[in-house]
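Here's the structure, in structure tokens; my notes come after.
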Amino acid sequence: MHETSLNLAKGGASRQKEVVRVFYKEMWDHADTALVPQIFHPDFTFRGSLGPQLVGHQQFIGYVKLVTGALDRYTSDILALGEDGNQVFGKLRFHGYHRKELFGVQPTGRHVWWYGAPIFTFDGDLVRDLWVLGDIHGLIARLKGAPGAQVA
């Protein structure tokens, strides 16, 4: 975990990048699901970094509760962001302390992380689709305490 997070101070990014910043730093990092309707189209589609494919606000809110419930002090580090037309893409690191069963692994208390590569597709001011490729195998290895898995 040696890569430095971007400094995305409010007001210094495009409208779309600001929505992505709010999504990760305000919604995810604080599990503030009240922000979901301000970010996503009501019928948005989502493919999460941990694998599920979901549609709509309620399914997504359930996913947020699952992840933030399993990982104490869940945090998203935005490492890179790019933008092209109505899409924003990036490189992120997600991490927290393993406090509930996840991927069949009982709580260990370990600090675990994984990397993800999101692609946000906007429809006007709202996200219509979010697709995130995640390093699930790296996360599972860290959950299990595999030798060398804690090095990043």
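Coordinate-derived values only; no laboratory data. Keep in mind it's a predicted model, so treat the numbers as computed, not measured.
Okay, here's what the table says:
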| read-out | value |
| --- | --- |
| The stretch 100-105 - phi-based ³J(HN,Hα) in whole Hz, Karplus 6.51/-1.76/1.60, Gly and Pro as x | 9, 3, 8, 6, x, 9 |
| Calculated on alpha-carbon atoms, Rg and Dmax of the chain in Å | 15.1, 46 |
| Per-residue ³J(HN,Hα) for the stretch 117-128, Karplus 6.51 cos²θ - 1.76 cosθ + 1.60, θ = phi - 60°, Hz, x for Gly and Pro | 10, x, 10, 9, 10, 8, 10, x, 8, 10, 6, 9 |
| Highest-fluctuation residue, L79, L130, L71 considered, GNM on the chain with Cα pairs under 10 Å | L79 |
| Highest-fluctuation residue, A117, A34, A141 considered, GNM on the chain with Cα pairs under 10 Å | A34 |
| Relative contact order computed over the chain (Cα-Cα under 8 Å; 6+ residues apart), in percent | 23 |
| Top of G96, G138, G82 by mean-square fluctuation, Gaussian network on the chain, Cα under 10 Å | G82 |
